[in-house]
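Reading through the structure tokens given below for one structure.
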Amino acid sequence: MLRKVTLLAAALLLVGGPALANSGVEKPMAVDFSFEGPFGRFDQAQLQRGYKVYREVCAACHSMSMVAFRNLGDPGGPFFDPKYSAATGQTSNDNPVVKALAADTQVPDIDGETGDAITRPATPADYFPSPFPNVIAAKAGNGGIAPPDLSLMAKAREGGPEYIASLLQGFGPPAHGVTLAPGQHYNRYFPGGVIGMAPPLAPDKVTFDDGSKSTVKQQAEDVAAFLMWAAEPHMEARKQMGFSVMIFLILFSGLLYASYRRVWRGESH
Amino acid sequence: MAHTAVDATNPAAGDDPSRRDFIHIAALTAAAGGGLAAIWPFVAQMNPSADTLALASVEYDLTKIEPAQQVTINWRGKPLFIRNRTPEQIAAAVKDDHAALRDPQTDAERHKEGKAQWLVLVGSCTHLGCVPTVGGGEYGGWFCPCHGSHYDTSGRIRKGPAPKNLAVPDYAFLSDTKVKIG
Amino acid sequence: MSGHSTYEPKNGFSRWLDARLPVGRLVWDSFVDYPTPRNLNYWWTFGGILSLCLAVQLITGIVLAMHYTPSAATAFNSVEHIMRDVNYGWLLRYMHANGASMFFIAVYIHMLRGVYYGSYKSPREVLWILGCVIYLLMMATAFMGYVLPWGQMSFHGAVVITNLLGAFPVVGDAITTLLWGGFAVDEPTLKRFFSLHYLLPFMIAGVVILHVWALHVVGQNNPTGVEPKSKADTLPFTPYATVKDGFAMSLFVILFATFVFYLPDALGHADNYIPANPLVTPSHIVPEWYFLPFYAILRAIPDKLMGVLAMFGAIACIFALPWLDTSKVKSMRYRPQARLYFFIFLVACVILGFCGAKLPDDQVIPGLETFQLLDSKLNSWVWLSRVATLYYFAYFLLVMPLLGLFEKPLPTPETISSPVLGGDKKD
């Protein structure tokens, strides 16, 4: 019975995805991310590289307004250090790496005495600053289309992180029959194929501190993993809790089944 | 074939009652345990959220406070008093260090070393949380209008229903003229 | 609550209370001593599962409302605040969002069980109608709840559904304006939807009480459709039904937990993680899966008003079912022909679900070229949905009334405990 229900749900799931109507657009490449599957976890080194790609490349145009510097040091995050966790009575606010990364970035503020608009080095409690003061400025600076916020990007597109990694590697000469206006680029993974974003990545554009070779593929996959973390920062906690809950429920169901058999023993039904 | 609810709890013939009961008890215990564990997230969600806990600390420039003046700033949703005390007020506070105090503390314990002039206090009456008015009361410190608690110039409770002295928050001098609270 | 109460207060206090407010007696008679047919199968556990779903939705919903702000400017961010900063917020929100889907899975199984075993027939018509009212309230609640995160799908879903009502002549525009509280879906709409989304579940709970009351007046139907005649046909609710319901609930919670912990966004739509933007519509608007069959019926009819009427008519048919079915035999276990038509109906509903998720003019069988029929190619989802819609209505309006008059049912057993030889045990 329940198998049927699950199958039904799975079948409904399959139709839930939108039909890709555009010809010439490819399905995202399969990327073997460490966080896939029921036991998948983020690769911390990859998240750190991904943060660097975001900070040095993406952040020039894309905001990420729902992520604060303190999140970088939260459990499951790129710069999480067990020394600065609830277990030691401290928080990610005290993590020196997080503090330093925050202080590297200037955020807008209001001067507490004069009321003037100023900038100051960020603290861990500050959210990532946006590259443009408002949407109109973002549009004006980018050919009429504001670069989308990246906080939830990995959940806001069909295909998620694989789509992002593919998109970043998908630039090339336009397919047959596609004409590009000035400021437009061809991307074989973007719906419609025509995208306003110029190819953002290039070999060695970002220097990785851990010595990883800085290829476009590496940069694309790392930043895609970072964006997945940013969109779902509690993923590891979720899967861990899910594991305990599942174990409990299976044992509990077994007990209930045994109890059920005992109660109903000898009753015709 | 008359069935009642009681039947199921009576051991049937040829059955081991202890094993039989054990399964029902285990199932009920697991249900109770699972239910209790499931309550926790619903309670914990009421605790301060991560962004609330991460609220930035407040920095304040002391040069803006004239002698004998006090400023009140908002710190974590509560009023925070920063008072620039005159030598007379400090002397009055020190004089009473060994008076009969409800919550004994010396004045030196309530300010940073060498900064007797600056008193930083959480502006919530320790009785029921009203905001005391500065300079009032019989001891020249603070007076709480709600239920009549009198605090001295060190913020110590001297008279009225409040049980404790006005709380001193965690703070530090970043320089001679700048404090960081929290 | 057939027969006399067997409740016997055990001590002084319960005797005292029983003479003043007999809650102990009510619980004992309704959930302990209450006689249930001994042959109920697992399809009958979904009533209990549904009460669990309602409880989960109510509790998680009340808790989420402590953190959510119903304002166009902050709604989206407050949901993300719940997901990121509130302790266990992600758990609560994923439980609530997936809980809605679980609720509908359970309610559809519960309803289809009722259709298969004839649970709507005399004397259970009021029981059935109350169930339909609950279903209607659930749909309203789910729709308004989906609007609250104020993502792209929330917003444009609300635009599409509220515009449906504009199809009615004369009063249509007045109704939509009234619903919106403005010239479009906007701040006032969100606020009233939040208020109603909080209210309606309590109305559901109220109707559930009536539903259970009505159930306990007429007693449960059972797979044979034969009413219990003696004590031999029934077993006390506790422990027999409670332990079986409990086991089924536990299995259902495993399915629920699979979604919450491992596939939390699988039943949702990616576009709803984009904040609402009134100026840009997502390329493909689809409702949540549980509305898809009705959405397909709506789109199957090329006329706006007729489409809306067909959609509401599809729901009205469910209400009218007790009077559409003319068969004297309740359970389809003894109605082989009815069983066939029922399974085709099931397939039609699933097909409608698929159709609702697809673009109407896309091909059903890829690559197969067909001729143009009226407004679209024959090999298109819209034509498939028309066929399925036709069957949907034919099932209620033709099959149900006529089959009861012409079919030859198998012999039904005298009593539940003496099943007739060779009776079909399959479900």
**Report entry** residue C:60 within 30 Å of residue C:131 (Cβ to Cβ), within 14 Å of chain B (Cβ to nearest Cβ) and either of a type in the set (Val, Ile, Thr) or in a strand (DSSP E or B) (or both)
**Finding:** yes
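Conditions (1) under 30 Å from residue C:342 (Cα atoms); (2) surrounded by fewer than 20 Cβ atoms within 10 Å (Cβ to Cβ); (3) aromatic (Phe, Trp, Tyr), marked per residue:
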site	(1), (2), (3)
C:62	no, yes, no
C:65	no, yes, no
C:72	no, yes, no
C:83	no, no, no
C:90	no, no, yes
C:94	no, no, yes
C:98	yes, no, no
C:113	yes, no, no
Query raised in the report: Can you tell which of C:146, C:198, C:135 is within 22 Å of residue C:40 (Cβ to Cβ), hydroxyl-bearing (Ser, Thr, Tyr), out of contact with any strand residue (DSSP E or B) (no Cβ under 7 Å at 6 or more places or on another chain) and at pLDDT 95 or above?
Result: C:135
**Report entry** Within region C:272-294, considering residues that are more than 7 Å from chain A (Cβ to nearest Cβ) and assigned to a helix (DSSP H, G or I), the one farthest from the chain's Cα centre (by Cα)
**Finding:** C:272
Requested in this report: Taking residue C:297 as the residue in question, decide whether it is within 14 Å of another protein chain (Cβ to nearest Cβ), crowded, with 21+ Cβ neighbours inside 10 Å and at pLDDT 95 or above.
Outcome: no
Report summary line: Restricting region C:280-305 to residues that are hydroxyl-bearing (Ser, Thr, Tyr) and touching a helix residue (DSSP H, G or I) at 6+ places or on another chain (Cβ under 7 Å), the one nearest to residue A:158 (Cα to Cα) turns out to be C:281
Report summary line: Expected output for region C:98-117 (first residue within 11 Å of chain A (Cβ to nearest Cβ), partner surrounded by fewer than 20 Cβ atoms within 10 Å (Cβ to Cβ) and modelled with pLDDT of 95 or more, Cβ below 6 Å, 6+ apart or cross-chain) is C:113/C:43
**Report entry** Matching entry among C:387, C:399, C:364 (being of a type outside the set (S, T, N, Q), in contact with a Leu (Cβ under 7 Å, 6 or more places away or on another chain) and either surrounded by 13 or more Cβ atoms within 10 Å (Cβ to Cβ) or in a loop (DSSP other than H, G, I, E, B) (or both))
**Finding:** C:364
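Among the listed residues A:28, A:38, which satisfies the condition of being under 23 Å from residue C:258 (Cα atoms), assigned to a loop (DSSP other than H, G, I, E, B), in contact (Cβ under 8 Å) with a residue 12 or more places away in the chain and assigned by TED's automatic domain parsing to the domain that holds residue A:199?
Exactly one of A:28, A:38 is under 23 Å from residue C:258 (Cα atoms), assigned to a loop (DSSP other than H, G, I, E, B), in contact (Cβ under 8 Å) with a residue 12 or more places away in the chain and assigned by TED's automatic domain parsing to the domain that holds residue A:199, namely A:38.
With the condition kept exactly as written, say whether any residue in region A:214-230 is buried (at least 21 other Cβ atoms within 10 Å of the Cβ), more than 11 Å from every other protein chain (Cβ to nearest Cβ) and assigned to a strand (DSSP E or B).
No, because not a single residue in region A:214-230 is buried (at least 21 other Cβ atoms within 10 Å of the Cβ), more than 11 Å from every other protein chain (Cβ to nearest Cβ) and assigned to a strand (DSSP E or B).
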Query raised in the report: Looking at residue C:308, is it β-branched (Val, Ile, Thr) and within 14 Å of chain A (Cβ to nearest Cβ)?
Result: no
Query raised in the report: Of all residues in region C:1-49, which are touching a His at 6+ places or on another chain (Cβ under 6 Å) and either within 30 Å of residue C:196 (Cβ to Cβ) or at pLDDT 95 or above (or both)?
Result: C:46
Requested in this report: Look at residue A:205 and say whether it is more than 14 Å from chain C (Cβ to nearest Cβ) and either within 30 Å of residue C:42 (Cβ to Cβ) or free of Cβ contacts under 8 Å to residues at least 12 places away in the same chain (or both).
Outcome: no
Query - Unmet requirement for residue B:154, which otherwise passes all of (1) exposed (fewer than 15 other Cβ atoms within 10 Å of the Cβ); (2) touching a helix residue (DSSP H, G or I) at 6+ places or on another chain (Cβ under 9 Å); (3) among the polar types (S, T, N, Q) - result: (1)
Requested in this report: For region A:130-146, name all the residues that are closer than 24 Å to residue A:228 by Cα and either small (Gly, Ala, Ser) or at pLDDT 95 or above (or both).
Outcome: A:130, A:138, A:146
**Report entry** Filter result for the condition that a residue is assigned by TED's automatic domain parsing to the domain that holds residue A:230 and touching a Leu at 6+ places or on another chain (Cβ under 7 Å), over A:154, A:137
**Finding:** A:154
Report summary line: Of the residues in region C:386-415 that are of a type in the set (Ser, Thr, Tyr) and modelled with pLDDT of 95 or more, the one that is nearest to the chain's Cα centre (by Cα) is C:392
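Residues checked against (1) more than 7 Å from every other protein chain (Cβ to nearest Cβ); (2) modelled with pLDDT of 90 or more; (3) touching a Cys at 6+ places or on another chain (Cβ under 9 Å); (4) in a loop (DSSP other than H, G, I, E, B):
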| position | (1), (2), (3), (4) |
| --- | --- |
| B:1 | no, no, no, yes |
| B:8 | no, no, no, no |
| B:24 | no, yes, no, no |
| B:29 | yes, yes, no, no |
| B:35 | yes, yes, no, no |
| B:42 | no, yes, no, no |
| B:67 | yes, no, no, yes |
**Report entry** Qualifying position, being touching a helix residue (DSSP H, G or I) at 6+ places or on another chain (Cβ under 6 Å) and surrounded by 19 or more Cβ atoms within 10 Å (Cβ to Cβ), among C:329, C:308
**Finding:** C:308
Report summary line: Filtering region C:256-266 down to residues that are surrounded by fewer than 20 Cβ atoms within 10 Å (Cβ to Cβ) and at the interface with another protein chain (Cβ under 7 Å from one of its Cβ atoms) yields C:257, C:262, C:265, C:266
Report task. Please tell me if residue A:182 is under 18 Å from residue A:28 (Cα atoms) and part of a loop (DSSP other than H, G, I, E, B). Result -> no
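Considering only region A:80-171, give the helices (runs of 4 or more DSSP H) lying wholly within it that have at least 2 residues that are touching a Phe, Trp or Tyr at 6+ places or on another chain (Cβ under 6 Å) and surrounded by 14 or more Cβ atoms within 10 Å (Cβ to Cβ).
So the answer is A:96-103, A:153-156, A:160-169.
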Query - Hits in region A:234-267 (condition: of a type in the set (D, E, K, R) and either within 7 Å of chain C (Cβ to nearest Cβ) or outside any helix (DSSP H, G or I) (or both)) - result: A:238, A:239, A:265, A:267
Query raised in the report: Within region C:87-205, which helices (runs of 4 or more DSSP H) (wholly inside it) include 3 or more residues that are over 18 Å from the mean Cα position of the chain (by Cα)?
Result: C:89-116, C:152-164, C:172-180
Report summary line: When (1) within 14 Å of chain C (Cβ to nearest Cβ); (2) closer than 20 Å to residue A:56 by Cα; (3) at pLDDT below 90 are applied to residue A:150, the one that fails is (3)
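Of everything in region C:234-245, what is touching a residue at least 40 places away in the same chain (Cβ under 8 Å) and either among the aliphatic types (A, V, I, L, M) or at the interface with chain A (Cβ under 7 Å from one of its Cβ atoms) (or both)? Give them in sequence order. Spell out the reasoning first.
So the first thing to find is which residues in region C:234-245 are touching a residue at least 40 places away in the same chain (Cβ under 8 Å), and the list is C:234-238, C:240-242, C:244-245.
Within region C:234-245, C:235, C:240, C:241, C:244 meet the criteria.
The values are calculated or read from the model by the stated rules, or taken from the named source; none is laboratory data. This one's a predicted model, so the numbers in the text were calculated from it and none came from an experiment. Cβ coordinates were reconstructed from backbone atoms using ideal geometry, including for glycine residues, and neighbour counts include every protein chain displayed.
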